[in-house]
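A.B. asks: I have a structure I would like to understand better, so I am pasting it below and will then ask my questions one at a time.
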Amino acid sequence: MESVYLFTSGSLRRKANTICIETESGKKYIPVENVMDIKVFGEVDLNKRFLEFLTQKRIPLHFFNREGYYVGTFYPREYLNSGFLILKQAEHCIDKKKRLFLAKRIVSGSIQSMIGFLKKRKVTDDSLREYKEKTEKAEDISELMGIEGNAREEYYSKLDELVFDEEFRIGKRTRRPPKNFANTLISFGNSLLYTTILSLIYQTHLDPRIGYLHETNFRRFTLNLDISELFKPVIVDRLFLNLVNTKQINEKHFDEVSEGLMLNDQGKSLFIKNYEQVLRETVFHKKLNRNVSLRSLIKMELYKLEKHLLGEKLYEPLL
Amino acid sequence: MYIIMVYDVNEKRVAKILKTARKYLKWVQNSVLEGELSPGKYEKLKLEIERLIDKKEDSVRFYVMDSRKVFELEALGLEKSDNGFIL
C-alpha cells in the first residue's frame, strides 16, 4: 500500500471506479486498490461523491496548508468498530495508574530510541540513560512530560554534533514557524509522521482521539502523537541527517515566510521521496525471524498496544 | 509483489480492461500497466480480468516479480507517464 502526495492543483474525482486527478496537463489515474492514504499539499477541488468513494475504499485524506503544516484529516467512518476496545482505551486513560504506566513506557521507549540512534553513530550519552531511569520514578504525567522534554533537548544537542554544516544545526528547537533550516525539516518530517501513523491507526481498532502521554482533549488526535515519539529518531531524524550531510537539501529548497522558514515544493517533494523510501526499508525482526518494513513495524506497535489494553500482554515498546 | 500486465484484446474490450486494471496498477503505455500489489490484490485483479475477456480471442499476460529490485528498467524515447505517487 502506498501514500499518494498531491502537489499539483486540480480536481480530485471518482472516475471509472478509481481515483482521477484532473489538471491542466490532463488526467491522471491513481490505482485506488493500492492507496493507503492521500496527502494533499496543493489546491484541489473535490466533491461529496469522491469522499463517499474514499469511505468505501477506507482511505483517509490528509490536508496540509501552503507552509506544510497539518490542517486536518477526512477520517472516513470507522470500519473496525469495537466498543469493547474503546472502553478499555478509555479505562486506561481515566485510571491514573494505568495511564501513567503506559505513558512511562512510551517515554522510556522514546528515549531508548534516541539512545539507539546516537549509539549507531558512535555517540554515547550517559545523561540520556539517566533520563530513562528517571522515567521509572516519575509520579505524574507532567513530570514525565518534563523528563521527555529535557531528554529531547539533550538529544538534539548531541544530534547537532553529527551535522557537518553549521548552517544546518538545530540549535534551539523552534516551531510555528520554525526559524532555521534544521527546525523546518524536522517539523515537516514530524507532521508527515503524525499523519502516516494516523492512517495506520485507522486500520486498527484503536481510537486515535485517546492518547496517554499527550493530553486527551477536545481538539485533536493524540494517540498518533504518542506513538510517533517512538519513531521520530529512526525515521525523521535519520532522514534529516542524511539529507543534510549529503548536501541533497540546501538553501535553495527553502522559502522565507514571516518570522521563519518553510520548505518550497521542490524541497517538500525531495523530502517526501526519501521519507517514503525509509518507510519501505526493512529491518530484521528477531522474534518473527524475518525482515519487516518500518511501516509494518509501526503497525505492530499499534497491535502491541491493543493487546495491552485487552489485558493479553503488557506493552513493551520497540521490542 | 511487482506486477507488469500486458494485454492484447479485441477492440471492443480494450476500454473495459483498462478501466479495471487502472484500479490496481499504474498505466505506463498503451496496453501496459505495472505496480506493486499484495498477493491478495493480485488474485482479485486476475479474477476481475478473467470475467471480462473472451478466452478464445483475448490475451492478457502478467509478469510477476518478487519486488521492483529484481529487474532493471531501460526505457528509450518518450516517457508516457511519470510513475510515482508524488503528483
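A.B. asks: Relative contact order, percent, of region A:246-291 when contacts are C-alpha pairs under 8 Å separated by at least 6 residues?
C.D. replies: Contact order relative to length: 22 percent.
A.B. asks: So what is the calculated 222 nm ellipticity per residue for chain A, using -39500 (n - 2.57) for each DSSP H run with n of 4 or more, over all residues, to the nearest 500 deg cm²/dmol?
C.D. replies: -15500 deg cm²/dmol
A.B. asks: Run down the lysines and flag those whose C-alpha is under 17 Å from the C-alpha of residue A:96, throwing out any fewer than 8 positions away in its chain.
C.D. replies: A:88, A:104, A:137
A.B. asks: Pop out the carbon and sulfur fraction of the accessible area of region A:28-171 as a percent, whole number, probe 1.4 Å.
C.D. replies: 50 percent
A.B. asks: Could you check the simple spin-label distance between residue A:71 and residue A:179, using points 7 Å along Cα→Cβ, in nm with one decimal?
C.D. replies: 2.8 nm
A.B. asks: In terms of solvent-accessible area of protein heavy atoms at a 1.4 angstrom probe, what is the ranking of A:204, A:55, highest value first?
C.D. replies: The most accessible residue leads, giving A:55, A:204.
A.B. asks: Provide Rg over Rh for region A:179-230; use the alpha carbon set for both Rg and the Kirkwood Rh (inverse mean inverse pair distance).
C.D. replies: Rounded to two decimals, Rg over Rh is 1.04.
A.B. asks: Let me ask something else. How big is the dipole moment of chain A about its Cα centre under a simple scheme where the beta carbon of each Lys and Arg is +1, that of each Asp and Glu is -1, and everything else is neutral? Debye, nearest 20, please.
C.D. replies: 960 debye
A.B. asks: A further question on this structure: Can you tell me the alpha carbon radius of gyration of region A:182-319 divided by the globular rule-of-thumb value 2.2 N^0.38 Å?
C.D. replies: Ratio of Cα Rg to 2.2 N^0.38 Å: 1.16.
A.B. asks: Another question, if that's okay. Given the peptides A:121-129, A:185-193, arrange them by the average over their residues of other C-beta atoms within 10 Å, most packed first.
C.D. replies: With the highest mean Cβ count within 10 Å placed first, the list reads A:185-193, A:121-129.
A.B. asks: At 7 Å along the Cα-to-beta-carbon direction for both residue A:283 and residue A:300, put a label point, then send me their distance in nm to one decimal.
C.D. replies: 1.0 nm
A.B. asks: Near the amide H of residue A:257, under 5 Å away, which other amide H atoms are found, from residues 5 or more places off or on another chain, if H is placed in the peptide plane?
C.D. replies: Counting only residues 5 or more places away or on other chains, the set is A:262.
A.B. asks: Can you give the extra length, in nm with one decimal, that the chain gains between residue A:139 and residue A:98 once fully stretched, where that is 0.36 nm per residue apart less the Cα-Cα distance?
C.D. replies: Gain on extension, residue A:139 to residue A:98, equals 13.5 nm.
A.B. asks: Which residue, A:145, A:74, A:124, has the largest displacement toward the positive end of the dipole of region A:69-151 when charges sit on each Cβ (Lys, Arg +1; Asp, Glu -1)?
C.D. replies: A:124
A.B. asks: If you consider only alpha-carbon coordinates, what radius of gyration and Dmax does the protein assembly as shown have, in Å?
C.D. replies: 22.9, 74
A.B. asks: Further, regarding this structure: For residue A:210, what residues show an amide H to amide H distance below 5 Å, using hydrogens built from the backbone and excluding near sequence neighbours?
C.D. replies: A:222, A:223
A.B. asks: Can you work out the accessible area per residue across region A:209-319, with the rest of the protein chains kept in place, probe 1.4 Å, in square angstrom?
C.D. replies: Ligands and nucleic acids excluded, the figure is 51 Å² per residue.
A.B. asks: Next question. For chain B, divide the Cα radius of gyration by the Kirkwood radius and give the resulting Rg/Rh value with two decimals.
C.D. replies: Radius of gyration over Kirkwood radius for chain B works out to 0.96.
The values are calculated or read from the model by the stated rules, or taken from the named source; none is laboratory data. What you see is a predicted model; the values in this text were computed from it and never measured. Note that we place each Cβ from the backbone using ideal geometry, even for glycine, and neighbour counts take in every protein chain shown. Ligands, DNA and RNA are stripped out before the accessible areas are found, and what is left, the full protein with its side chains, is counted by its heavy atoms. Shrake-Rupley method; radii C 1.70, N 1.55, O 1.52, S 1.80 Å.
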